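The values are calculated or read from the model by the stated rules, or taken from the named source; none is laboratory data. Computed from a predicted structure; not experimentally measured. No Cβ is skipped: glycine too gets one built from the backbone with ideal geometry, and neighbour counts run over all protein chains shown.
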Amino acid sequence: MQSTTCFVFVDLEQLARTQTRMMLDGTMKPARYLIPFLCESLHEIQDRAGVARGRMHDFQATFCSRLASAHIPLHELQRLSGHGDIATLAKFYLAPQEGAADRVRAALASVA
């Protein structure tokens, strides 16, 4: 089944309300049954890999931060991440780039 969304990340609660998915046993159930399974599977993978447990949401933050570091425009990140408010995207998900403060100081010094 092909996704009908253009987002890379979607609101799991909204997905659970509107979608059904085939389970491993072949039955169709509302997608809300998949959320605990996905979270449990993520934790199992993290435990096996020997890394600290993270949340699904952490992947979205990493995705947005890394694409922003690659100079992907904020309006494109907003669309891909499914955020309705670009200010929320910028405030919570975009980590400052390494060396950003030094570049800002240098830029300010050059125009002063």
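Any chance segment 63-71 includes a residue that's surrounded by fewer than 13 Cβ atoms within 10 Å (Cβ to Cβ), out of contact with any helix residue (DSSP H, G or I) (no Cβ under 7 Å at 6 or more places or on another chain) and either at pLDDT below 80 or basic (Lys, Arg) (or both)?
Taking segment 63-71 and keeping what is surrounded by fewer than 13 Cβ atoms within 10 Å (Cβ to Cβ), we get 66, 70-71.
Keeping just the survivors that are out of contact with any helix residue (DSSP H, G or I) (no Cβ under 7 Å at 6 or more places or on another chain) gives 66, 70-71.
Next cut, either at pLDDT below 80 or basic (Lys, Arg) (or both) only: 66.
The answer is yes; a qualifying residue exists.
Return the total of residues in segment 67-85 being closer than 17 Å to Ala100 by Cβ, part of a helix (DSSP H, G or I) and small (Gly, Ala, Ser).
Residues meeting the conditions: 2.
Considering only residues that are in a helix (DSSP H, G or I), under 23 Å from Gly82 (Cα atoms) and charged (D, E, K, R), which ones fall in segment 36-66? Explain how you work it out, then say what you get.
Within segment 36-66, the first condition is being in a helix (DSSP H, G or I), and the residues that meet it are 36-49, 56-66.
Now narrow it down to the ones that are under 23 Å from Gly82 (Cα atoms): 36-39, 42, 56-66.
Passing the criteria: Asp58, Arg66.
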